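The values are calculated or read from the model by the stated rules, or taken from the named source; none is laboratory data. Please read all numbers here as calculations on a predicted model, not as lab measurements. Cβ: placed from backbone, ideal geometry, glycine included. Neighbour counts: every protein chain shown. The accessibility values were calculated without ligands, DNA or RNA, using every heavy atom of the protein model including side chains. Shrake-Rupley method; radii C 1.70, N 1.55, O 1.52, S 1.80 Å.
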Amino acid sequence: LTRGGCCTQSFWSPDSQQVLFIDKPAPDAPLGIWGVDVAQPNPTPELVTERIAFYTADMAFLVELSEDTTVIERLADPLTGTGGARWTVPAEGRSVSISPGRKRIAWQVSDEDLPFERQTAQVWVANLDGTDAQAVATLPRGSFGGWISDDVVLLSGRESLESREHILYAFSLTSGRTTELVRSERLRGGLLSP
(Lines give C-alpha, C1' and ligand atoms only; values in the text may rest on other atoms or scores of the structure.)
Protein backbone atom coordinates (compact mmCIF):
# COMPACT_ATOMS: atom_id res chain seq x y z
CA LEU A 1 0.00 0.00 0.00
CA THR A 2 2.90 2.37 0.70
CA ARG A 3 6.59 2.76 -0.01
CA GLY A 4 9.14 1.75 2.59
CA GLY A 5 10.07 4.23 5.31
CA CYS A 6 6.91 6.26 4.87
CA CYS A 7 4.75 6.11 7.90
CA THR A 8 4.02 5.31 11.50
CA GLN A 9 1.10 4.44 13.78
CA SER A 10 -1.15 2.88 11.15
CA PHE A 11 -4.84 2.30 11.90
CA TRP A 12 -8.07 1.65 9.99
CA SER A 13 -10.51 4.32 8.84
CA PRO A 14 -14.01 3.93 10.35
CA ASP A 15 -15.33 2.32 7.14
CA SER A 16 -12.24 0.05 6.74
CA GLN A 17 -11.69 1.39 3.21
CA GLN A 18 -8.44 3.18 4.07
CA VAL A 19 -5.35 2.59 6.14
CA LEU A 20 -4.50 5.80 7.98
CA PHE A 21 -1.08 6.75 9.35
CA ILE A 22 1.05 9.66 10.52
CA ASP A 23 3.39 10.94 7.82
CA LYS A 24 5.00 13.87 6.07
CA PRO A 25 5.36 12.33 2.60
CA ALA A 26 7.39 15.17 1.07
CA PRO A 27 9.36 18.16 2.37
CA ASP A 28 6.64 20.54 1.13
CA ALA A 29 3.74 18.35 2.38
CA PRO A 30 2.16 18.92 5.79
CA LEU A 31 2.72 16.60 8.73
CA GLY A 32 -0.58 14.93 9.47
CA ILE A 33 -2.73 11.84 9.22
CA TRP A 34 -2.65 10.50 5.68
CA GLY A 35 -4.60 7.64 4.17
CA VAL A 36 -4.38 5.17 1.33
CA ASP A 37 -7.31 3.37 -0.30
CA VAL A 38 -7.00 -0.40 0.22
CA ALA A 39 -8.88 -1.19 -3.01
CA GLN A 40 -6.53 0.71 -5.33
CA PRO A 41 -3.25 -0.73 -6.57
CA ASN A 42 -0.31 1.57 -5.74
CA PRO A 43 -2.54 4.21 -4.12
CA THR A 44 -1.34 7.77 -3.66
CA PRO A 45 -1.58 8.88 -0.01
CA GLU A 46 -4.15 11.61 0.63
CA LEU A 47 -4.15 14.01 3.58
CA VAL A 48 -7.01 13.23 5.97
CA THR A 49 -6.23 15.85 8.64
CA GLU A 50 -3.32 17.88 9.93
CA ARG A 51 -4.57 17.33 13.49
CA ILE A 52 -2.47 14.63 15.06
CA ALA A 53 -4.25 13.28 18.13
CA PHE A 54 -5.68 10.06 19.54
CA TYR A 55 -8.99 9.38 17.76
CA THR A 56 -11.81 7.00 18.60
CA ALA A 57 -12.28 4.23 16.02
CA ASP A 58 -15.21 6.10 14.46
CA MET A 59 -13.17 9.34 14.46
CA ALA A 60 -16.07 11.10 16.22
CA PHE A 61 -13.89 12.10 19.21
CA LEU A 62 -10.26 12.98 19.66
CA VAL A 63 -8.04 13.21 22.72
CA GLU A 64 -5.24 15.78 22.88
CA LEU A 65 -2.54 15.61 25.53
CA SER A 66 -0.18 18.21 26.90
CA GLU A 67 2.19 18.01 29.85
CA ASP A 68 -0.56 18.23 32.47
CA THR A 69 -3.84 18.55 30.54
CA THR A 70 -6.10 16.05 28.79
CA VAL A 71 -8.70 17.49 26.41
CA ILE A 72 -11.50 15.59 24.68
CA GLU A 73 -13.13 17.01 21.59
CA ARG A 74 -16.34 15.80 19.99
CA LEU A 75 -15.82 16.51 16.32
CA ALA A 76 -18.54 18.22 14.34
CA ASP A 77 -20.57 15.96 12.06
CA PRO A 78 -19.06 16.49 8.59
CA LEU A 79 -22.50 16.45 6.96
CA THR A 80 -24.27 18.89 9.30
CA GLY A 81 -21.32 20.75 10.84
CA THR A 82 -22.97 20.41 14.26
CA GLY A 83 -22.00 18.63 17.43
CA GLY A 84 -18.52 19.99 18.00
CA ALA A 85 -17.49 20.62 21.63
CA ARG A 86 -14.24 20.60 23.61
CA TRP A 87 -13.59 20.04 27.33
CA THR A 88 -10.80 19.25 29.80
CA VAL A 89 -10.98 16.08 31.91
CA PRO A 90 -9.10 15.32 35.15
CA ALA A 91 -6.60 12.83 33.64
CA GLU A 92 -3.84 15.47 33.93
CA GLY A 93 -2.03 14.86 30.64
CA ARG A 94 -2.63 11.11 30.53
CA SER A 95 -4.34 9.38 27.63
CA VAL A 96 -7.95 8.34 28.19
CA SER A 97 -10.01 5.55 26.68
CA ILE A 98 -13.62 6.35 25.80
CA SER A 99 -16.25 3.67 26.46
CA PRO A 100 -18.12 2.08 23.52
CA GLY A 101 -21.34 4.00 24.24
CA ARG A 102 -19.37 7.27 24.64
CA LYS A 103 -20.61 7.68 28.23
CA ARG A 104 -17.42 7.19 30.26
CA ILE A 105 -13.67 7.55 30.13
CA ALA A 106 -10.92 5.59 31.85
CA TRP A 107 -7.21 6.17 32.40
CA GLN A 108 -4.43 4.79 34.50
CA VAL A 109 -2.02 6.46 36.89
CA SER A 110 1.35 4.82 37.58
CA ASP A 111 4.52 5.96 39.27
CA GLU A 112 6.78 5.88 36.21
CA ASP A 113 9.84 6.74 38.34
CA LEU A 114 9.78 3.32 40.00
CA PRO A 115 11.21 0.20 38.35
CA PHE A 116 8.44 -1.75 36.56
CA GLU A 117 8.51 -4.60 39.08
CA ARG A 118 7.63 -2.10 41.87
CA GLN A 119 4.92 -0.16 40.01
CA THR A 120 1.27 -0.19 41.00
CA ALA A 121 -1.28 1.21 38.54
CA GLN A 122 -4.45 2.90 39.66
CA VAL A 123 -7.35 2.85 37.19
CA TRP A 124 -9.67 5.86 37.19
CA VAL A 125 -13.10 6.20 35.59
CA ALA A 126 -15.23 9.32 35.04
CA ASN A 127 -18.21 10.41 33.01
CA LEU A 128 -17.37 11.49 29.46
CA ASP A 129 -17.35 15.14 30.56
CA GLY A 130 -14.85 14.33 33.34
CA THR A 131 -17.31 14.56 36.24
CA ASP A 132 -17.59 11.94 39.00
CA ALA A 133 -13.96 10.81 38.63
CA GLN A 134 -13.04 7.95 40.93
CA ALA A 135 -10.33 5.33 41.35
CA VAL A 136 -11.88 1.92 40.67
CA ALA A 137 -8.91 -0.47 40.88
CA THR A 138 -5.34 -0.67 42.16
CA LEU A 139 -3.26 -3.12 40.16
CA PRO A 140 0.17 -4.36 41.27
CA ARG A 141 2.28 -4.45 38.08
CA GLY A 142 -0.94 -4.06 36.14
CA SER A 143 -2.75 -2.00 33.55
CA PHE A 144 -6.06 -0.97 32.03
CA GLY A 145 -6.76 -3.10 28.94
CA GLY A 146 -9.85 -1.46 27.46
CA TRP A 147 -13.62 -1.23 27.61
CA ILE A 148 -15.66 -4.42 27.15
CA SER A 149 -18.94 -2.47 27.56
CA ASP A 150 -19.97 0.82 29.18
CA ASP A 151 -19.93 -1.00 32.54
CA VAL A 152 -17.17 -3.62 32.19
CA VAL A 153 -13.45 -3.01 31.73
CA LEU A 154 -10.57 -5.35 30.96
CA LEU A 155 -7.81 -5.19 33.58
CA SER A 156 -4.60 -7.05 34.22
CA GLY A 157 -2.36 -7.27 37.24
CA ARG A 158 -0.91 -9.45 39.93
CA GLU A 159 -2.30 -10.36 43.33
CA SER A 160 0.76 -8.64 44.86
CA LEU A 161 4.02 -7.10 43.65
CA GLU A 162 5.79 -10.34 44.63
CA SER A 163 3.38 -12.67 42.84
CA ARG A 164 4.72 -14.45 39.75
CA GLU A 165 1.35 -14.95 38.06
CA HIS A 166 -0.28 -12.23 36.00
CA ILE A 167 -4.10 -12.21 35.84
CA LEU A 168 -6.32 -10.90 33.04
CA TYR A 169 -9.88 -10.24 34.17
CA ALA A 170 -13.13 -8.41 33.48
CA PHE A 171 -14.28 -5.93 36.12
CA SER A 172 -17.84 -4.59 36.46
CA LEU A 173 -17.90 -0.94 37.52
CA THR A 174 -21.49 -1.25 38.79
CA SER A 175 -21.22 -4.42 40.87
CA GLY A 176 -17.47 -4.55 41.54
CA ARG A 177 -17.53 -8.20 40.39
CA THR A 178 -14.40 -9.61 38.77
CA THR A 179 -14.31 -12.46 36.28
CA GLU A 180 -10.91 -14.05 35.85
CA LEU A 181 -10.18 -14.81 32.20
CA VAL A 182 -6.67 -16.22 32.32
CA ARG A 183 -3.71 -16.52 34.67
CA SER A 184 -0.10 -17.09 33.61
CA GLU A 185 3.48 -16.25 34.57
CA ARG A 186 4.26 -14.67 31.19
CA LEU A 187 0.99 -13.04 30.19
CA ARG A 188 1.70 -10.06 27.90
CA GLY A 189 -0.08 -7.91 25.33
CA GLY A 190 -3.69 -9.06 25.63
CA LEU A 191 -6.05 -7.20 23.29
CA LEU A 192 -9.82 -7.16 23.01
CA SER A 193 -11.20 -8.44 19.73
CA PRO A 194 -13.55 -6.04 17.92
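When segment 46-74 is filtered for residues that are in a loop (DSSP other than H, G, I, E, B), in contact (Cβ under 8 Å) with a residue 24 or more places away in the chain and either among the aliphatic types (A, V, I, L, M) or surrounded by fewer than 16 Cβ atoms within 10 Å (Cβ to Cβ) (or both), the ones remaining, listed by number, are I52, A57, D58, M59, A60, S66, E67, D68, T69.
Any residue in segment 24-45 that is of a type in the set (K, R), open to solvent by 70 Å² or more (accessible area, probe 1.4 Å), more than 26 Å from P100 (Cα to Cα) and part of a loop (DSSP other than H, G, I, E, B)? Walk me through it before giving the result.
Restricting attention to segment 24-45, the residues satisfying the condition of being of a type in the set (K, R) are 24.
Imposing the further condition that a residue be open to solvent by 70 Å² or more (accessible area, probe 1.4 Å) reduces the set to 24.
Filter again for more than 26 Å from P100 (Cα to Cα), leaving 24.
Applying the additional criterion that residues be part of a loop (DSSP other than H, G, I, E, B) yields 24.
Yes, segment 24-45 contains at least one residue that is of a type in the set (K, R), open to solvent by 70 Å² or more (accessible area, probe 1.4 Å), more than 26 Å from P100 (Cα to Cα) and part of a loop (DSSP other than H, G, I, E, B).
Determine whether E180 is acidic (D, E), open to solvent by 80 Å² or more (accessible area, probe 1.4 Å), at pLDDT below 90 and more than 30 Å from W87 (Cβ to Cβ). It is false that E180 is acidic (D, E), open to solvent by 80 Å² or more (accessible area, probe 1.4 Å), at pLDDT below 90 and more than 30 Å from W87 (Cβ to Cβ).
Under 8 Å between Cβ atoms, which residue pairs at least 6 apart in sequence (or on different chains) link something in segment 118-147 that is on the phi > 0 side of the Ramachandran plot with a partner that is modelled with pLDDT under 95 and assigned to a helix (DSSP H, G or I)? Here the result reads R141/F116; R141/E117, each pair linking segment 118-147 to a residue that is modelled with pLDDT under 95 and assigned to a helix (DSSP H, G or I).
Just need a number here: residues in segment 143-158 that are outside any strand (DSSP E or B), over 16 Å from the mean Cα position of the chain (by Cα) and within 16 Å of E180 (Cβ to Cβ). So that I can check it myself, show each step before the final result.
Taking segment 143-158 and keeping what is outside any strand (DSSP E or B), we get 148-151, 158.
Still in the running and over 16 Å from the mean Cα position of the chain (by Cα): 151, 158.
If we keep only those that are within 16 Å of E180 (Cβ to Cβ) too, we end up with 158.
Adding up the residues that qualify gives 1.
Would you please name the residue that is nearest to E50 (Cα to Cα), looking only at residues in segment 1-23 that are assigned to a loop (DSSP other than H, G, I, E, B) and among the small types (G, A, S)? Checked segment 1-23; the qualifying residue nearest to E50 (Cα to Cα) is S13.
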